[in-house]
Amino acid sequence: MLDLQRLRALHAVSVHGTVGAAATALGYTSSAVSQQIAKLERETRTVLLERAGRGVRLTDEAHQLVATAQELLAIVERAETELEERRGVPAGRLTVAAFASAARGLLPGVLADLARRHPALDARLSEVDPHLSVDLVAKGAVDLAVAHDWDIAPLPAPAGVEQAAIGDDLCDLLVPAGHPFAGRAAVRRSELGGERWICQPPGRVCHDWLLRTLRAAGHEPDVVHQADENPTLVALVAAGLGVALIPRLGRGPLPEGVVEVPLDPVPVRHLYALWRAGAARRPAIAETVRTLRAHWPAASAHTPRTAG
């Protein structure tokens with residue numbers, strides 16, 4: 001008889017791409033996941049993973065098992081949902097994926113609130129890029145995702161995934177204190193040409209939004225510095241190395257030497273909670289979404305700008 005936990009480990013490797021990433025998502029060590037798959041290979045007398053460069057590749061037989069695993073995990077999820085629904089209280093494990101600034105600025109308070117009010121609920125957070133997190137929800141790798149899109153780049157929700165709005169996160173132009181924009185009440189997008197830009201790398205939502213926005217205004221952006229984390233972007237602005245467009249959520253107090261200036265119109269990104277339609281009746285999902293919305297006003301509170 002196939003062991004469900006071993007099938008879950010193989011399914012996680014298929015979804016996340018590597019043994020290490022699967023282990024992180026499952027809350028195990030890499031060696032534990034490797035052992036689970038090795039046992040599954042012995043039980044099935046089948047090679048499931050092959051070396052591919054520094055990573056692994058699933059064999060054809062492994063892909064067949066993954067499809068079966070996904071069906072079984074969906075059945076288990078339905079059973080757990082029905083039991084939790086009958087009890088009427090949030091309980092069991094709830095895996096949550098959130099993008100970086102939400103994981104920093106919103107989820108700590110939400111998770112602490114849930115743990116205090118619902119001790120039977122074991123909510124676990126992973127930091128994941130928003131577009132990847134939606135796919136993880138659709139594949140059953142996580143139970144709920146907190147993702148975002150921008151006003152000019154909507155986030156598609158695949159079939160079988162439901163979503164609810166959490167709130168709108170505003171974005172400001174950050175400039176060094178001595179910049180000509182520093183004393184302005186607002187700056188129009190048409191005025192942004194000729195600036196040296198600091199932003200996230202290509203392929204990230206914020207980077208793509210910046211390029212599309214400036215090109216729509218007739219400017220080709222000169223991106224001189226790239227970094228993944230918003231605190232790093234702010235530090236580069238503080239050093240006088242360029243300007244940046246950074247959302248307010250999770251940004252924290254601005255350091256000396258950085259001034260925020262509103263854009264006209266103000267860029268907005270919309271935050272959503274997403275989950276599989278089959279889990280919609282689960283009290284843990286409903287309560288987590290409610291708690292996310294309840295904490296949003298405090299998490300999105302405006303941080304006063306600092307000039308230095």
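The values are calculated or read from the model by the stated rules, or taken from the named source; none is laboratory data. Keep in mind it's a predicted model, so treat the numbers as computed, not measured. Here Cβ is always computed from backbone atoms with ideal geometry, including for glycine, and neighbour counts include all displayed protein chains. Areas reflect the complete protein model, heavy atoms only, side chains present, ligands, DNA and RNA absent. Shrake-Rupley method; radii C 1.70, N 1.55, O 1.52, S 1.80 Å.
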Go through region 213-246 and give me each residue that's open to solvent by 20 Å² or more (accessible area, probe 1.4 Å) and closer than 15 Å to Val258 by Cβ. His225, Pro231, Thr232, Ala235, Leu236, Ala238, Ala239, Gly240, Leu241, Leu245
Matching residues in region 251-285 - criterion: being closer than 14 Å to Val161 by Cα, of a type in the set (A, V, I, L, M, F, W, C) and outside any strand (DSSP E or B): Ala277, Ala279, Ala280, Ile285
Name the single residue, out of those in region 115-169 being closer than 22 Å to Leu10 by Cα and of a type in the set (S, T, N, Q), that is surrounded by the fewest Cβ atoms within 10 Å (Cβ to Cβ). Ser126
Test: residue in region 35-48 that is touching a helix residue (DSSP H, G or I) at 6+ places or on another chain (Cβ under 8 Å), touching a residue at least 12 places away in the same chain (Cβ under 8 Å), open to solvent by less than 50 Å² (accessible area, probe 1.4 Å) and closer than 19 Å to Ser126 by Cα: no
Pairs with Cβ under 6 Å, 6+ apart, first in region 271-294 and over 21 Å from Leu155 (Cβ atoms), second of a type in the set (Asp, Glu): Arg281/Glu85; Arg282/Glu84; Pro283/Glu84; Thr291/Asp113
Subset of region 201-212 [within 24 Å of Ala239 (Cβ to Cβ), open to solvent by 20 Å² or more (accessible area, probe 1.4 Å) and either assigned to a loop (DSSP other than H, G, I, E, B) or at pLDDT 85 or above (or both)]: Pro201, Pro202, Arg204, Leu211
Could we say that Val266 is touching a residue at least 12 places away in the same chain (Cβ under 8 Å), closer than 24 Å to Asp172 by Cα and open to solvent by 50 Å² or more (accessible area, probe 1.4 Å) here? yes
Select from region 170-189 the residues that are open to solvent by 50 Å² or more (accessible area, probe 1.4 Å) and either closer than 15 Å to Asp222 by Cα or of a type in the set (A, V, I, L, M) (or both) and list them in ascending order. Leu170, Ala185
Strands (runs of 3 or more DSSP E) lying entirely in region 49-146 (those with 1 or more residues that are on the phi > 0 side of the Ramachandran plot, small (Gly, Ala, Ser) and within 25 Å of the chain's Cα centre (by Cα)): 92-98
Kindly indicate which of Pro231, Pro265 is within 19 Å of the chain's Cα centre (by Cα) and under 21 Å from His302 (Cα atoms). Pro231
One residue from Asp228, Asp172 being at pLDDT below 90 and of a type in the set (Asp, Glu): Asp228
Picked from region 59-98 (must be closer than 13 Å to Leu125 by Cα and touching a residue at least 60 places away in the same chain (Cβ under 8 Å)), the residue most open to solvent (accessible area, probe 1.4 Å) is Thr95
